[in-house]
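Data block below; observations after.
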Amino acid sequence: MKLRHLLPGLLTFAFALPALAAGADAPAIEGRQLGLAWMIPFAGILLSIAIMPLAAPSFWHHHFGKVSAAWAALIVIPFALIHGVPTAVYEVVHLLLLDYIPFIVLLTALFTVTGGIHIKGNLHGSPSMNTALLAIGTVLAGWMGTTGASMLLIRPVIRANDDRRHKIHVFVFFIFLVSNIGGALTPLGDPPLFLGFLKGVSFFWTTTHLFSEMLVCAIVLLALFYALDSYWYRKEGRPKRDPTPETPVRIEGGVNIILLAVIVGAVLASGTWKPDIHFTVFHVTLELQNVLRDLILVAICFLSLRLTSRASRLDNGFSWAPMLEVAKLFAGIFITIAPALAILRAGKDGVLAPLVALVTGPDGQPNDVWYFWLTGVLSSFLDNAPTYLVFFNLAGGDPTVLMGALASTLAAISCGAVFMGANSYIGNAPNFMVKAVVEEAGIRMPSFFGYMAWSCGILVPLFVVLTLIFFR
C-alpha cells in the first residue's frame, strides 16, 4: 500500500481551496430537531469497533471499511431525504474539512516518520533498564504520539526481554504508560487532544494543565512497575541465555528525527500564526495557516519515504495497514457523530438534556468528577477521540471559556479521554497494535478480560486517587 493510495483526496482538497466560491448562510441542522434515533449509527459503529474484532476477527479484517461505510450511509441518506441534500452535504463537508482531514494528515505524518526510525542493537531487560525504557517512551509519547512512540519502542523492549521468563507485565505497563498516559502532554500525543487543538485549544495548554495529573500517574505506575519487575527478576534467578546477539545500540533513519521536529513546528505555527486569510468551501471557512500546515505534513510524509532506506522500514515491520484501518474507520465515525454533536450543541433543549443535567451541578457549574469518569468510562470501550468531542461540546464547546473559567472541566475531559483509554485493549488504537506485535513475537498476552483484570486492579484505584487530588 503506497502513500498515494491513502491520501489521494487530501492534496486535491488542499490545492482546490482557493478556487472554490463562498456560499450563503450555512444550512446547518438545529440539534433540537433531532431525536435519539439519529445517534444509533454513531453507537453502532463504535460498538462494531469494540466487539467485531473479538467476535468475528476474520470478517472484520476483510470488511471493516464496508462496515464503516454502511453506518455512515445510515446517516447521510436519511439525513438528505428528511432535511435536504444541501444540509447533508454541509454537515459532511464541515466535519471532513475541519476535523477529519487534518486529523488523518497528522496521524499519517507521525506514523510515517516514526516508522522510519529504527533502533538496532540489544539491551538487557533488567528492572532498571525496563523502567528507563518505559519512562523514555512515556516522555516521547507526548511529542511523537502514542502510536509513534509505541511502534518505535515495542520491538526494542521485546528484544531486551527475550531472555526473561516473566515478562507479560512489561508489555501491560508499556500499554498503560507509552500507549496512553504519556500522550497527555501535547496535542501531538493523543488524537483527542489534537481534536481539541483543532477546536481552538492552544498547543501548550495541555502541557501546563495536564502535566501534574500525568506526572502523578507516571510516577505511581513506574514505581509500581519497578517493584513488580524486581520481584519477578529475583524470582527468575539466573536468566536463561539471551537469544539476541549482543550488538551496540544505534539509531537508523535519523533524518526522521529532524522531520519529526518539523511536524512539531508546523503544528505550533498553525496555532500561533494568524494571517487572517481564509477560504470558503460550501459555507465552511478554512484558514490559510491550517491549509499550509496540512500541506507541509503531507510533504513530510513523502520526504520521509524518500529519505528512509527500505531496510529500516522492513526491520521496523512498517506497513500501511494500521493507518488505512484508522482512515476508513474514522471517516465513518466523523460522519456518524454529526447528529450527536448537533444534539449536544442544543444543550437543555436537546434530547440529551438528562446527560447535560448529570454533568451539571446544582449551581449550574460543571461537575468535573462526572466529566472525568463519564469521558473515561466511554473512552475505555469506545474510541477516545469522538468521546472527547462529545463531552467537549457538552461542556459548551467554547475553547476560550474552557481554557479559562472552565479549565478544570477541560482537564477532567482530557484526562478521562487520554488516561482511561488504557483500561481495555480497545480504548486506544496503539493498545491493540502493541498486543499484535508482541503476540507476533511469540509472547502470549492476556486475554481481553485478563488485561482488564490488570487495568481494574491497578489503574482504577489510581484514577480514584487522581479524582480526589484534582477533580473533586
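Listing for the model above:
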quantity: Residue check, residue 115 under 24 Å from the mean Cα position of the chain (by Cα) and of a type outside the set (S, T, N, Q); calculated: yes
quantity: Failed criterion for residue 166 (all others in (1) open to solvent by 10 Å² or more (accessible area, probe 1.4 Å); (2) within 20 Å of residue 260 (Cα to Cα) hold); calculated: (2)
quantity: Counted residues, segment 67-109 - those being open to solvent by less than 40 Å² (accessible area, probe 1.4 Å), touching a Leu at 6+ places or on another chain (Cβ under 9 Å) and within 24 Å of residue 324 (Cα to Cα); calculated: 13
quantity: Residue match in segment 448-464 (condition: touching a Leu at 6+ places or on another chain (Cβ under 7 Å), at pLDDT 90 or above and of a type in the set (S, T, N, Q)); calculated: no
quantity: So residue 351, is it more than 30 Å from residue 254 (Cα to Cα), of a type in the set (A, V, I, L, M), open to solvent by 20 Å² or more (accessible area, probe 1.4 Å) and part of a loop (DSSP other than H, G, I, E, B); calculated: yes
quantity: Any hit, segment 170-181, residues being open to solvent by less than 10 Å² (accessible area, probe 1.4 Å), closer than 22 Å to residue 387 by Cβ, of a type outside the set (A, V, I, L, M) and not in a helix (DSSP H, G or I); calculated: yes
quantity: From 186, 146, residue being assigned to a helix (DSSP H, G or I) and either in contact with a Lys or Arg (Cβ under 6 Å, 6 or more places away or on another chain) or touching a residue at least 12 places away in the same chain (Cβ under 8 Å) (or both); calculated: 146
quantity: Within segment 426-463, tally of residues that are outside any helix (DSSP H, G or I) and either under 18 Å from residue 374 (Cβ atoms) or in contact (Cβ under 8 Å) with a residue 60 or more places away in the chain (or both); calculated: 8
quantity: Subset of segment 368-385 (residues that are crowded, with 20+ Cβ neighbours inside 10 Å and without any contact (Cβ under 8 Å) to a residue 24 or more places away in the chain); calculated: 378
quantity: Residue in segment 126-147 that is farthest from residue 421 (Cα to Cα), counting only those that are surrounded by 24 or more Cβ atoms within 10 Å (Cβ to Cβ) and at pLDDT below 85; calculated: 144
quantity: Criterion violated by residue 275 - all others in (1) part of a helix (DSSP H, G or I); (2) surrounded by fewer than 18 Cβ atoms within 10 Å (Cβ to Cβ) satisfied; calculated: (1)
quantity: Any hit, segment 434-451, residues being among the hydrophobic types (A, V, I, L, M, F, W, C), closer than 21 Å to residue 190 by Cα, in contact with a Ser or Thr (Cβ under 9 Å, 6 or more places away or on another chain) and buried (at least 21 other Cβ atoms within 10 Å of the Cβ); calculated: yes
quantity: Cβ-Cβ under 6 Å pairs, at least 6 apart or on other chains, segment 350-364 side more than 15 Å from residue 413 (Cα to Cα), far side part of a loop (DSSP other than H, G, I, E, B) and of a type outside the set (Lys, Arg); calculated: 351/35; 361/367
quantity: So residue 164, is it over 23 Å from residue 265 (Cα atoms) and outside any helix (DSSP H, G or I); calculated: yes
quantity: Residue match in segment 234-256 (condition: open to solvent by less than 10 Å² (accessible area, probe 1.4 Å), under 23 Å from residue 145 (Cα atoms) and not acidic (Asp, Glu)); calculated: yes
quantity: Cβ-Cβ under 7 Å pairs, at least 6 apart or on other chains, segment 285-309 side assigned to a strand (DSSP E or B), far side open to solvent by 50 Å² or more (accessible area, probe 1.4 Å); calculated: 285/278; 286/278; 287/278
quantity: Single match in 308, 336 (criterion: among the polar types (S, T, N, Q), at pLDDT 85 or above and under 19 Å from the mean Cα position of the chain (by Cα)); calculated: 336
quantity: Matching option when the condition is open to solvent by 20 Å² or more (accessible area, probe 1.4 Å) and either not aromatic (Phe, Trp, Tyr) or not in a helix (DSSP H, G or I) (or both), among 338, 331; calculated: 331
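Residue-by-condition table, conditions (1) in contact with a helix residue (DSSP H, G or I) (Cβ under 7 Å, 6 or more places away or on another chain); (2) in contact (Cβ under 8 Å) with a residue 60 or more places away in the chain; (3) farther than 27 Å from residue 306 by Cβ; (4) among the acidic types (Asp, Glu):
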| site | (1), (2), (3), (4) |
| --- | --- |
| 103 | yes, yes, no, no |
| 114 | yes, yes, no, no |
| 119 | yes, yes, no, no |
| 134 | yes, yes, yes, no |
| 150 | yes, yes, no, no |
| 163 | no, yes, yes, yes |
| 166 | yes, yes, yes, no |
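The values are calculated or read from the model by the stated rules, or taken from the named source; none is laboratory data. Given the structure is predicted, the values throughout are model-derived calculations rather than measurements. So basically every Cβ, Gly included, is an ideal-geometry build from the backbone, and we count neighbours across all protein chains shown. Keep in mind that these areas ignore ligands, DNA and RNA; they rest on the heavy atoms of the full protein, side chains included. Shrake-Rupley method; radii C 1.70, N 1.55, O 1.52, S 1.80 Å.
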